[in-house]
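As C-alpha cells, the structure follows; a few thoughts come after it.
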Amino acid sequence: MRKYGRAISLGLAAMVLAASMAGCGVVSSGDNEKKESAGAAKDGDKIVIGMSMDTLKEERWQKDRDIFTAKVQELGGEVKVLAANGDDATQLSQAEQLISQGVDVLVVIAHNAEATAPIVDKAHKEGIKVIAYDRLINNSEVDYYISFDNVRVGEFQAQAVIDKAPKGNIVYIGGADTDNNAHMFKEGAMNILKPLEEKGDIKIVYDQFSKDWKPEEALKNMENALTANNNDVQGVVAANDGTAGGSIQALTAQGMAGKIPVSGQDADLAAVQRIAEGTQLMTVYKPINAIATKAAEMAVAAAKGEAISTDKTVNNGKIDVPSVLLDPLAVNKDNLDVLIKDGFHKLEDVYKNVPKDQWPKQ
C-alpha cells in the first residue's frame, strides 16, 4: 500500500483541459465486471478514500458527504473530503492534494465535466482508481460512474409540467452548461417537449442554461423569458430545485407563482415546502442514501482490489464507462410522504408554512 506521506511532484501547469463533449451521455446496457489491482489496499491497512466535491454550499451535497462518510467508516475505512465551492482550479488543486496524501480511491463530484479530466490521469499515474459520483467526467478513462438515470429525470420534469400545461408557451431553465448532468436532464426534457412542439401543441419560447446552477442566474433567465413573452408563459421546466426557486421568485414578482407549473429536482427542503404550499409543482427525488451508500461500497471494494459489478456503460466521449444508474422518483404534493418515510425530511419541516389542519394524517 502506498505511504500516505509520500511526496508527489504535481503541477497545475501540466494540466490541460479536455475540449470535446462529443458522445456524452450515451447509455448502453451491458454486464461489466472490473477487477482492481494497482494501488489496492493490503489486508490490515487502513483504507482511505478521497472525496473531491464540487461544493458543499447546497443542502443536497452535505447529505451525500455525510452518508458516504458514515458508510465508509462502517466498512472500516476513513474519508478525506475537500470541496471546491464551484471553482475548477481549486478542484484540480484539491484533487492533487488528496492524491499526494496517498488515498486508495478517489471519488469525484465534478464541477466541470471537462476540466476534471486531468484528475483522472493524475490519479492513474499513482495507481489510484477514480469513481465519478453523480456527475460524469468527460473525455477521460475514469474507472466507474455512479448516478441516477438523468435522462429519465428530465423526462419526469417535462412530463409533469406538460400534464398541467398541455398547450401554450413553455420555458426551459437549465442548469450549468459545464455539468454533463445538465445536458442529460435537458436531453430527457426535450424527449418530451420537442415532439409536442412539432405537433403544434406547445412552443418552447425560452431555453437557457443557468451558470453554476445559481438561483440568481435562473431568476435572471426567468425574468428575461417573461419579458420577452409579455408574461405569456404556461409552464416552466426547471432543471433543479435551485433553478426552480429562482424561476418562482420571478413568477412571484409578476403575481404568477402557483398559477404556472414549475418542475425541480433534488427534493431540497425549500422546494418541498414550496410544493406543500403550491408554488412548485414537483421535484425529482434521487434517494441520496442509495447513491451514497452504493458509492461507498464501490470505493471500499476498489480499494481492496475486489470485483465491482456494473450493468450499464455510459460513453463519456472517450470510453464506455462501467456504470451503476439508480432509479429516480417524481414527487409532487400527492406523495410528499415518501420523503418523510425515508427520513429525508421531517413532517414538521415540510409543512412548516402550511396551516396545521391541512397537514397529512400520520
Discussion item. What are the pairs with Cβ atoms under 9 angstrom where one residue, in the range 350-362, is in contact (Cβ under 8 Å) with a residue 24 or more places away in the chain and the other, located anywhere, is open to solvent by 100 Å² or more (accessible area, probe 1.4 Å)? Sequence gap at least six, or different chains.
Written reply: Y351/Q358
Worksheet entry | Where a residue in the range 36-58 is modelled with pLDDT of 55 or more and among the β-branched types (V, I, T) and its partner, wherever it lies, is open to solvent by 40 Å² or more (accessible area, probe 1.4 Å) and outside any loop (DSSP other than H, G, I, E, B), with Cβ under 8 Å and at least six apart | I47/E78; I47/K304; V48/E78; V48/K80; I49/E78; I49/K80
Worksheet item: For I260, are the conditions met, namely being closer than 30 Å to L56 by Cβ and out of contact with any His (no Cβ under 6 Å at 6 or more places or on another chain)?
Response: no
Fill in: Pick from the range 226-242, criterion aliphatic (A, V, I, L, M) and without any contact (Cβ under 8 Å) to a residue 60 or more places away in the chain, ranking: surrounded by the fewest Cβ atoms within 10 Å (Cβ to Cβ)
A228
Worksheet entry | Candidates A189, A270 - the one that is among the hydrophobic types (A, V, I, L, M, F, W, C), surrounded by fewer than 23 Cβ atoms within 10 Å (Cβ to Cβ) and closer than 24 Å to K333 by Cα | A270
Worksheet item: Between a first residue in the range 202-213 that is touching a residue at least 40 places away in the same chain (Cβ under 8 Å) and a second residue that is open to solvent by 40 Å² or more (accessible area, probe 1.4 Å), which pairs have beta carbons less than 7 Å apart while being 6 or more apart in sequence or on different chains?
Response: I202/K167
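Only strands (runs of 3 or more DSSP E) wholly contained in the range 65-182 count here; list those with 2 or more residues that are free of Cβ contacts under 8 Å to residues at least 12 places away in the same chain, under 20 Å from the mean Cα position of the chain (by Cα) and surrounded by 22 or more Cβ atoms within 10 Å (Cβ to Cβ). Can you show your working first?
Working: elements: 78-83, 105-109, 129-133, 144-148, 168-173.
Where strands (runs of 3 or more DSSP E) fall fully within the range 65-182, none carries at least 2 residues being free of Cβ contacts under 8 Å to residues at least 12 places away in the same chain, under 20 Å from the mean Cα position of the chain (by Cα) and surrounded by 22 or more Cβ atoms within 10 Å (Cβ to Cβ).
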Fill in: Members of the range 179-230 found to be of a type in the set (D, E, K, R) and within 24 Å of L136 (Cβ to Cβ), listed by number
D179, K186, E187, K194, D207, K211, D212, K214, E217
Discussion item. Step by step: first the residues of the range 317-362, then only those that are under 20 Å from the mean Cα position of the chain (by Cα) and charged (D, E, K, R), then the one that is nearest to N150 (Cα to Cα). Which residue is that?
Written reply: D327
Response to the item:
Of the residues in the range 325-345, those that are open to solvent by 100 Å² or more (accessible area, probe 1.4 Å), over 16 Å from R274 (Cβ atoms) and either in contact (Cβ under 8 Å) with a residue 60 or more places away in the chain or in contact with a helix residue (DSSP H, G or I) (Cβ under 7 Å, 6 or more places away or on another chain) (or both) number 1
Item to complete: Kindly check whether there is at least one residue in the range 196-210 that is closer than 27 Å to R135 by Cα, open to solvent by 30 Å² or more (accessible area, probe 1.4 Å), basic (K, R) and assigned to a helix (DSSP H, G or I).
Response: no
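The values are calculated or read from the model by the stated rules, or taken from the named source; none is laboratory data. Just so it is clear, the model here is predicted, and its values are computed rather than measured. When we count neighbours, we look across all protein chains shown, and the Cβ atoms used for this are built from the backbone with ideal geometry, even at glycine. Side chains included, ligands, DNA and RNA excluded: accessible areas come from the protein's heavy atoms. Shrake-Rupley method; radii C 1.70, N 1.55, O 1.52, S 1.80 Å.
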